[in-house]
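Written out below as structure tokens is the structure these notes cover.
The values are calculated or read from the model by the stated rules, or taken from the named source; none is laboratory data. Note that the structure is a prediction, hence the values are computed from the model and not measured. Here the Cβ positions follow ideal geometry from the backbone for every residue, glycine too, while neighbour counts run over all protein chains shown. Surface areas here come from the heavy atoms of the whole protein model, side chains and all, with no ligands, DNA or RNA. Shrake-Rupley method; radii C 1.70, N 1.55, O 1.52, S 1.80 Å.
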Amino acid sequence: MWPHDGRNSNKQMASVYPYSSQGQFPLTQNVTVVEGGTANLTCRVDQNDNTSLQWSNPAQQTLYFDDKKALRDNRIELVRASWHELSISVSDVSLSDEGQYTCSLFTMPVKTSKAFLTVLGVPEKPQITGFTSPVMEGERMQLTCKTSGSKPAADIRWFKNDKEVKDVKYLKEEDANRKTFTVSSTLDFLADRNDDGAVVSCRVDHESLNSTPQIAMQVLEIHYTPLVKIISSNSWPEEGQSIILTCESKGKPVPEPVLWTKDGGELPDPERMVVNGRVLSISFLNKTDNGTYRCEAKNPIGRNSTEYVLIVHDVFNTLLPTTVIPSLTTATVTTTVALTTSTTTSATANSTRDPNALAGQTGPDHALIGGIVAVVVFVTLCSIILLGRYLARHKGTYLTNEAKGAEDAPDADTAIINAEGSQVNAEEKKEYFI
């Protein structure tokens, strides 16, 4: 038999278990838990020769020794106990439970492993302060979002209608327990009418919220003076037509019924100028309706107005070039004029037959018509002058002397006989006026 010796015994154990000193080592992991949750602490040993395991808290109080509970705390329970594992759970964790827990393996010497328990402080639901309803346009607004109890300090972000606002102030303060923090953020801006009805939200992000942030919201109510605009139903009003002017006014509070005026006074013709709410209707337009029409709206915040200048145009008649042709054909005097007239008539006829030729014309070509009329007048005057000269040259002849012996004839019969006798000679005596 082998003599029983302590040293021999140790040597024998080492030879039987050559890796026992390396395999017998407790393994643990750090744990993070939300305040109020449950923390599971696990200690494992790959190779154990029936050696006991123990868990102790940061105050070095034994919680469990193998499967035996050592500390009277109803929140601490045994999960699993074996030669290779000792697992316990701590429920309803508080901030005071945070710290370093120790798993001990009672070998010679005792081997330990540390596990740090981190407790996250959950931030309280945020609140928005500093808003007084309603706010007048142009006033400065300071909204503050605040949350307490976060560990580590929470992050606050601002949004206006789902669009993040970056220009904010951030403040972090440590709470009295010196474990948690109170965080606040301030949003500073000028009230604008475009912000009326906007939703301002304050969002708190923290790792304890499991990607579900806490949000506080505030709907803005901004009061502002009316914004007025006139819309016309007719962009080119002509005499005899009608027009409808609509006064659109937007304000908060809602503006009172609008007031219509013309040139600074009342509407001059109530029978044709009818006001129905925000609409002004004018029928049978004429030149007297020209002027500046004003629409004014007001609410308890203030008043505003806008103007519309009405210009009534003459009735527009489209004259085709064919309407002036008859006046051109009546002036034909010479062959040259006739040819000109014939050519103009032919061109006009062709243009009348071709609808595409008139597609781009908006009225008669006054320059062309004026030129033709001038030519016709000139030709006419020249023709009249030539005709006068011709008539002057071909005027009838007359006798310059009476028949010889007519004066000395005793009676009328003798005078006639003498005159016939001298008629032959009278043909040779002619005088012309040039």
Modelled with pLDDT under 95, open to solvent by 50 Å² or more (accessible area, probe 1.4 Å) and outside any strand (DSSP E or B): is that true of GLN29 in this structure?
no
Under 7 Å by Cβ, and 6 or more places apart or on different chains, what pairs join a residue from the range 194-216 that is closer than 16 Å to GLY36 by Cβ with one that is assigned to a loop (DSSP other than H, G, I, E, B) and open to solvent by less than 50 Å² (accessible area, probe 1.4 Å)?
HIS206/PRO123; HIS206/ALA154; GLN214/PRO123; GLN214/PRO126
Name the single residue, out of those in the range 71-86 being assigned to a strand (DSSP E or B) and aliphatic (A, V, I, L, M), that is farthest from GLN24 (Cα to Cα).
ILE76
Only one of (1) at pLDDT 95 or above; (2) surrounded by 15 or more Cβ atoms within 10 Å (Cβ to Cβ); (3) of a type in the set (Ser, Thr, Tyr) is not met by THR332, so which one is it?
(1)
Within the range 207-244, considering residues that are assigned to a loop (DSSP other than H, G, I, E, B) and closer than 28 Å to ASN161 by Cβ, the one farthest from the chain's Cα centre (by Cα):
ASN210
Counting only residues that are open to solvent by 40 Å² or more (accessible area, probe 1.4 Å) and not in a strand (DSSP E or B), which one in the range 106-130 is farthest from ASN48 (Cα to Cα)?
GLY130
Of all strands (runs of 3 or more DSSP E) completely enclosed by the range 256-321, which ones contain at least 1 residues that are buried (at least 16 other Cβ atoms within 10 Å of the Cβ) and in contact (Cβ under 8 Å) with a residue 60 or more places away in the chain?
291-299, 302-310
Starting from residues that are among the acidic types (Asp, Glu) and under 30 Å from the mean Cα position of the chain (by Cα), keep the ones in the range 131-170 and report whichever is surrounded by the most Cβ atoms within 10 Å (Cβ to Cβ).
GLU137
Considering only the range 91-105, how many residues are open to solvent by 20 Å² or more (accessible area, probe 1.4 Å) and part of a strand (DSSP E or B)?
1
Scanning the range 243-255 residue by residue, those of a type in the set (Ser, Thr, Tyr) and open to solvent by 70 Å² or more (accessible area, probe 1.4 Å) turn out to be none
Yes or no: the range 175-183 includes at least one residue that is of a type outside the set (A, V, I, L, M), open to solvent by 90 Å² or more (accessible area, probe 1.4 Å), at pLDDT below 95 and part of a loop (DSSP other than H, G, I, E, B).
yes
Taking the range 74-90 and keeping residues open to solvent by less than 80 Å² (accessible area, probe 1.4 Å) and in contact (Cβ under 8 Å) with a residue 12 or more places away in the chain leaves ARG75, ILE76, LEU78, ALA81, GLU85, LEU86, SER87, ILE88, SER89, VAL90
Output the residue which, of all residues in the range 222-233 that are out of contact with any Leu (no Cβ under 9 Å at 6 or more places or on another chain) and open to solvent by less than 70 Å² (accessible area, probe 1.4 Å), is nearest to HIS313 (Cα to Cα).
VAL228
For the range 34-56, indicate whether the set of residues that are at positive phi, part of a loop (DSSP other than H, G, I, E, B) and under 60 Å from the mean Cα position of the chain (by Cα) is non-empty.
yes
Only unsatisfied item for ASP192, checking (1) within 30 Å of GLU256 (Cβ to Cβ); (2) touching a helix residue (DSSP H, G or I) at 6+ places or on another chain (Cβ under 9 Å), is (2)
